[in-house]
Amino acid sequence: MGARSEPRERQGDVVVGFGFTQLKTMFEALQADQAGRDPETRDAELLATFATMNPGFPDEYRAYLAAERERIEELAVNNNLIGDSSRAAWYSGPKTSKGIWPTYRAKLESRLPSDAIGGVDDSTSQILSQSANPLKRGDKRKGLVVGYVQSGKTANYAGLVAKAVDAGYRIVIVLAGMHSNLRAQTQARLDGDLRLRELKDGGVAWYPLTDVNSDIAPINPVSPVGNQANAIVMVVKKNEKRLANVLNYLQSISKSDPQILLSRAVLIIDDESDQATPNTKGAKNLVSTINQRIRDIWAEVKTGTYVAYTATPFANIFTDPNDENDLYPDDFAVVLPRPIGYMGADTYFDTSSLDDEEGIASDALARTISDDEAAVLAPSGRDLSDYDPQITSALAEAIRWFLLATAIRRLRTGKEEHSSMLLHTSHRVEAHARLRDAVVDFLKDVALEGDRRHDSFESTFHAEIDRAAELRGEESVPSWSDVWSVVEDLISNVQVRVDNGTSDNRVSYPDDEPQTVIAIGGGTLSRGLTLEGLVVSFFLRTSNAYDTLLQMGRWFGFRPRYRDLARVWAASGMLDDYAHLALVERELREDIAVMISEGMTPRDIAVPVRAHKGRLQITGAGKMDFVDLVHTGLGGNRRQTIYLDSSTEGIERTQGAARRIVENAIGTRASIDSLGGAAGQPAAHLFEGLSHANLIEFLERYGVFPVDVALQPVAIRRWTGEHGDGKSWDLLLISGPASNNATFEYAEGVRVNVVSRAPLKDWDQSRFEDAIRAGASVVNIRALMSSADSTADLAILDRNGLLDDATRAAYKELKKSDVQAVKSFRRGSRPDNGLVILYAIGKDSEPATVSTTTRRSMEAPDHPIGIAVVFPPAEFERDGDHYAVTLKSIFDPGDEEIEDGESEIVDDEADFAAQDTGL
């Protein structure tokens, strides 16, 4: 900057001619004196004042700050937290109160609790620390950030952008979905949060190349990149033409100065990165169009980071890791913390049948739409000429509850807010308008019914209001009369809108006009687009792929002050599917956390994914071309039978098998039977020391359904052959409460109380067609084990004084519902003992009062027997039953969205005009 002159002249009270050093010292002293003021307003006013002393000072000061950033020292952080241990992390968090991040944080403070802000702060620092150092020319890194569906990923990557630009990144490219409305939604959010239309303090000026109404143009000015103080930013649709414009822009920069992109670090944020981005043609040695365009853009970047954001990362982690030109997240993977108050799959859907996941039972928030009603509402086949949807009883109930829940929420908060119902029966555009007409006619009829509608609404109110009382917290329950007075007003004001690629009256949420809207649609409602105040979801469309199913769950997210009012009506089988996916999500995040804790990256270790036992595939078949089947172990895990044969023959067979293994156990050792039995009452029984042969013989006699792969005799024989040396099995006979009024005798003197397990009414039996034809009566009880059952043997041993002092003390502190903690404890306390648990299930089991709509009476001729097995720990075996599957031939492509269909997506946005920025 050269030498600065000393002050030369004073005119009145204004000093003119001061040099830069003196003015900088005075400026920073005044900043400190006025530390309590809004930093942006304060600095703008001070710069204006100092401009009267030296007109060039504001520009010099901004340039000075930019130069300071160029000299940021590389700061090491704890490499065990995240990422590649061979690369030192260079960023440890913001170091100044000036810049874009402090301004953005202040905005977050106005709308989020402190814990949530801390989560954004910590995670974005973690991500940036493993991204490329913008001051290290030629540094390039690719990473993955895994969030939750509808959990605020935009807030997170806005924070990442803020910190990255403060740290020296100068070109920001946000790839925001495939639809214009999703791109515009993201643009509007970033405009407001990062103030992209305004000059920022701290020496950085935003230079946007897109706005809410306009995507990136074919030709864009290159000269702003030459100014180190400018931060170029664009929010771009994943469309072939728009991505070509981005590539052309970067190439134009290189043509103007071949070296400039080395010193202008580029941050690419790929939102919903598992959609359109992955290569879907790898098996054909081809590259799909969108994937090629993003590859080309990444190849043009000389210094920078590609960060894939998604809640469903299956396609990302199945990208070919050996193709250096593709977008596999070689350098890091980060799992965002689950936000406080977030309602995910394990809130809506019961996962206890899979792995004892704690949560609200699915009966509280979700229920099944019968196949008969689904046939009326969902079109079948390609010819829709006969499609004539009617309002079924379940849909009528859902609409009534939507209006009631909206009214209750308004009474709780004392204000009108956006409130939405999602109605998704098909991705077929032609079906949406017809369904809209049916809903509109129904609402008209309701409006005209007058007092006659009162009874049906009151019945729905009383049926639903307490279903999820566990989630209510301190919220009030308004009286029926107060609720009804609000509902009557809502009925005439609710809007019904179709949101799809061709609709001209799409869903929107003006800030000054609260909407009460029933949104009918397909693809645009099943990924990315946020439905404000979503209360009720009525969902019939299904999918064969994990990622599509999870993304369709627009009901996931935050429901402040109406958590207990949220409801989901879903197609038959979807509740089971989502329960499985809740477990898949949890395990995937755990695997990534383990990878991080060991200082590894996705380049070092592939992240496996648990496969479904039935029809679901992990992601689109075209995205699984480089995936192999991975055989992982059973050691330390548990398996249970939730499908039972309640036919006379089936019960006789399973009871006979149970009595046979108990006879073997009695011949081995007397039982320990002190758990759960009051004086004179049956108790649980524990036998120790059964052999592998005893267990295999039992399973052969029992006849486990083929869907329970891990409990097949051949699977047990193989596993024990590989991992069973020196191990044996304990047998636990569970005894239920005496109030069940029935007992079952395994052998003379060995009697237990039956347990109650009511089966589901509606579920997908397609996998049991052969068994049913052979005479089986298959019931699905969804959950067999309770959270304490896998440690019941330890409780019995403890009560009988058979645990040493250290084990007993640790057992008292053990959280029985923490699956990983239980597995770890068993590894230490029972390393050589597996556990076989038998349940005598009451033949007259009845559903709980709150479950009568989804469950039924057992009505079996005698008591069925259920099995759970807790496998002993196994050395040198990967923990868990996870698979990465490539058997594409067994999958039906099903009703999937167009993944590489950019030619099918209309690019209906204008080109951005640079002169509109005002810069």
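Take Ile294 and decide whether it is of a type in the set (A, V, I, L, M, F, W, C), under 26 Å from Arg183 (Cβ atoms) and in contact (Cβ under 8 Å) with a residue 12 or more places away in the chain.
Details: of a type in the set (A, V, I, L, M, F, W, C): yes; under 26 Å from Arg183 (Cβ atoms): yes; in contact (Cβ under 8 Å) with a residue 12 or more places away in the chain: yes.
Yes: the conditions hold for Ile294.
Scan region 237-276 for residues that are in a helix (DSSP H, G or I) and aliphatic (A, V, I, L, M) and report the count.
9
Taking Ile716, is it outside any strand (DSSP E or B), of a type in the set (Val, Ile, Thr) and within 36 Å of the chain's Cα centre (by Cα)?
In short, yes.
Condition first: of a type in the set (Ser, Thr, Tyr) and surrounded by 18 or more Cβ atoms within 10 Å (Cβ to Cβ). Now tell me which residues in region 456-471 satisfy that.
Thr460
Residues that are surrounded by fewer than 18 Cβ atoms within 10 Å (Cβ to Cβ) and either among the hydrophobic types (A, V, I, L, M, F, W, C) or on the phi < 0 side of the Ramachandran plot (or both): does region 269-281 have at least one?
Within region 269-281 (the criterion being surrounded by fewer than 18 Cβ atoms within 10 Å (Cβ to Cβ) and either among the hydrophobic types (A, V, I, L, M, F, W, C) or on the phi < 0 side of the Ramachandran plot (or both)), the answer is yes, since at least one residue qualifies.
Every residue in region 768-807 that is among the aliphatic types (A, V, I, L, M) and either under 30 Å from the mean Cα position of the chain (by Cα) or within 14 Å of Asp645 (Cα to Cα) (or both), please.
Result: Ala771, Ile772, Ala774, Ala776, Val778, Val779, Ile781, Ala783, Leu784, Met785, Ala788.
Considering (1) within 23 Å of Asp274 (Cα to Cα); (2) surrounded by fewer than 24 Cβ atoms within 10 Å (Cβ to Cβ); (3) aliphatic (A, V, I, L, M), say which one Leu550 fails and leave the rest.
Failed condition: (2).
Given the conditions (1) buried (at least 16 other Cβ atoms within 10 Å of the Cβ); (2) modelled with pLDDT under 95, and given that Ala447 satisfies all but one, which numbered condition is not satisfied?
(1)
Out of Val161, Val174, Val149, report the one residue that is modelled with pLDDT under 95, within 26 Å of Tyr328 (Cβ to Cβ) and not acidic (Asp, Glu).
The conditions single out Val149.
So for region 216-225 (the condition being in contact with a strand residue (DSSP E or B) (Cβ under 8 Å, 6 or more places away or on another chain) and either surrounded by 22 or more Cβ atoms within 10 Å (Cβ to Cβ) or modelled with pLDDT under 90 (or both)), does at least one residue qualify?
yes
Pick from region 185-199 the residues that are among the acidic types (Asp, Glu) and farther than 17 Å from Tyr509 by Cα: which of them is surrounded by the most Cβ atoms within 10 Å (Cβ to Cβ)?
Asp193
Could you tell me whether region 687-706 includes any residue that is modelled with pLDDT of 90 or more, aliphatic (A, V, I, L, M), surrounded by 18 or more Cβ atoms within 10 Å (Cβ to Cβ) and assigned to a helix (DSSP H, G or I)?
Within region 687-706, one or more residues are modelled with pLDDT of 90 or more, aliphatic (A, V, I, L, M), surrounded by 18 or more Cβ atoms within 10 Å (Cβ to Cβ) and assigned to a helix (DSSP H, G or I).
It is to be established whether one or more residues within region 403-412 are modelled with pLDDT under 90, assigned to a helix (DSSP H, G or I) and either surrounded by fewer than 17 Cβ atoms within 10 Å (Cβ to Cβ) or of a type in the set (A, V, I, L, M) (or both).
First, pick out the residues of region 403-412 that are modelled with pLDDT under 90: none.
No: zero hits.
Determine which member of the set Ile796, Ile837 is in a helix (DSSP H, G or I), in contact with a Leu (Cβ under 6 Å, 6 or more places away or on another chain) and either buried (at least 19 other Cβ atoms within 10 Å of the Cβ) or hydrophobic (A, V, I, L, M, F, W, C) (or both).
It is Ile796.
Test Ser393 against the criterion of being in the same structural domain as Gly522 (by TED's automatic domain parsing) and free of Cβ contacts under 8 Å to residues at least 12 places away in the same chain, and give yes or no.
no
Output the residue which, of all residues in region 355-396 that are of a type in the set (Val, Ile, Thr) and farther than 30 Å from Val822 by Cβ, is modelled with the lowest pLDDT.
Only one residue tops the list, namely Thr368.
Could you identify the single residue in Ala545, Ala519 that is within 24 Å of Arg434 (Cα to Cα) and touching a strand residue (DSSP E or B) at 6+ places or on another chain (Cβ under 8 Å)?
Only one candidate passes the filter, namely Ala519.
So for region 191-202 (the condition being assigned to a loop (DSSP other than H, G, I, E, B), free of Cβ contacts under 8 Å to residues at least 40 places away in the same chain and assigned by TED's automatic domain parsing to the domain that holds Ala116), does at least one residue qualify?
For region 191-202, residues assigned to a loop (DSSP other than H, G, I, E, B), free of Cβ contacts under 8 Å to residues at least 40 places away in the same chain and assigned by TED's automatic domain parsing to the domain that holds Ala116: present.
Of everything in region 811-830 that's surrounded by 14 or more Cβ atoms within 10 Å (Cβ to Cβ) and over 33 Å from the mean Cα position of the chain (by Cα), which residue is nearest to Ala860 (Cα to Cα)?
The residue in question is Arg830.
Taking into account only those residues within region 497-516 that are out of contact with any Asp or Glu (no Cβ under 6 Å at 6 or more places or on another chain) and under 22 Å from Gly152 (Cβ atoms), which is modelled with the lowest pLDDT? Even if it seems obvious, please write down each step before you answer.
In the first step, residues of region 497-516 are kept if they are out of contact with any Asp or Glu (no Cβ under 6 Å at 6 or more places or on another chain); the result is 497-505, 508, 510-513, 515-516.
Next, from what is left, pick out any that are under 22 Å from Gly152 (Cβ atoms): 499, 508, 510-511, 515.
Numbers: Asp499: 85, Ser508: 83, Pro510: 86, Asp511: 80, Gln515: 93.
My answer is Asp511.
Yes or no, residue by residue, for (1) more than 11 Å from the chain's Cα centre (by Cα); (2) surrounded by fewer than 23 Cβ atoms within 10 Å (Cβ to Cβ); (3) free of Cβ contacts under 8 Å to residues at least 40 places away in the same chain; (4) under 30 Å from Glu474 (Cα atoms):
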| site | (1), (2), (3), (4) |
| --- | --- |
| Val536 | yes, no, no, yes |
| Thr542 | yes, yes, no, no |
| Pro560 | yes, yes, no, yes |
| Ala571 | yes, no, no, no |
| Ala579 | yes, no, no, yes |
| Arg586 | no, yes, no, yes |
| Ile596 | yes, yes, no, no |
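Somewhere in region 491-508, is a residue under 30 Å from Asp451 (Cα atoms), of a type in the set (Gly, Ala, Ser), assigned by TED's automatic domain parsing to the domain that holds His454 and assigned to a helix (DSSP H, G or I)?
No, there is no match, as no residue in region 491-508 is under 30 Å from Asp451 (Cα atoms), of a type in the set (Gly, Ala, Ser), assigned by TED's automatic domain parsing to the domain that holds His454 and assigned to a helix (DSSP H, G or I).
Counting just the residues of region 324-352 that are out of contact with any strand residue (DSSP E or B) (no Cβ under 8 Å at 6 or more places or on another chain), part of a loop (DSSP other than H, G, I, E, B) and touching a residue at least 24 places away in the same chain (Cβ under 8 Å), which one comes out surrounded by the fewest Cβ atoms within 10 Å (Cβ to Cβ)?
Taking the candidates together, the pick is Ile340.
Mind checking which residues of region 217-233 are touching a helix residue (DSSP H, G or I) at 6+ places or on another chain (Cβ under 7 Å), within 28 Å of Arg105 (Cα to Cα) and not small (Gly, Ala, Ser)?
If the condition is that a residue be touching a helix residue (DSSP H, G or I) at 6+ places or on another chain (Cβ under 7 Å), within 28 Å of Arg105 (Cα to Cα) and not small (Gly, Ala, Ser), then Val225, Gln228, Asn230, Ile232 are the ones that fit.
State which residue is surrounded by the most Cβ atoms within 10 Å (Cβ to Cβ) when the search covers only region 121-154 and only residues that are assigned to a loop (DSSP other than H, G, I, E, B) and among the aliphatic types (A, V, I, L, M).
Kept after step one, since they are assigned to a loop (DSSP other than H, G, I, E, B), are these residues of region 121-154: 131-139, 147-152.
Subset that is among the aliphatic types (A, V, I, L, M): 132, 135, 149.
Working: Ala132: 27, Leu135: 19, Val149: 22.
This residue is Ala132.
Taking the stated definitions as given, is Lys95 charged (D, E, K, R) and free of Cβ contacts under 8 Å to residues at least 24 places away in the same chain?
yes
Here are some residues: Asn239, Asn248. Which one is surrounded by fewer than 22 Cβ atoms within 10 Å (Cβ to Cβ) and either touching a residue at least 24 places away in the same chain (Cβ under 8 Å) or of a type in the set (A, V, I, L, M) (or both)?
None of the other options fit; the residue is Asn248.
The values are calculated or read from the model by the stated rules, or taken from the named source; none is laboratory data. Here the structure is a predicted model, which means the values were calculated and not measured. Note that we place each Cβ from the backbone using ideal geometry, even for glycine, and neighbour counts take in every protein chain shown.
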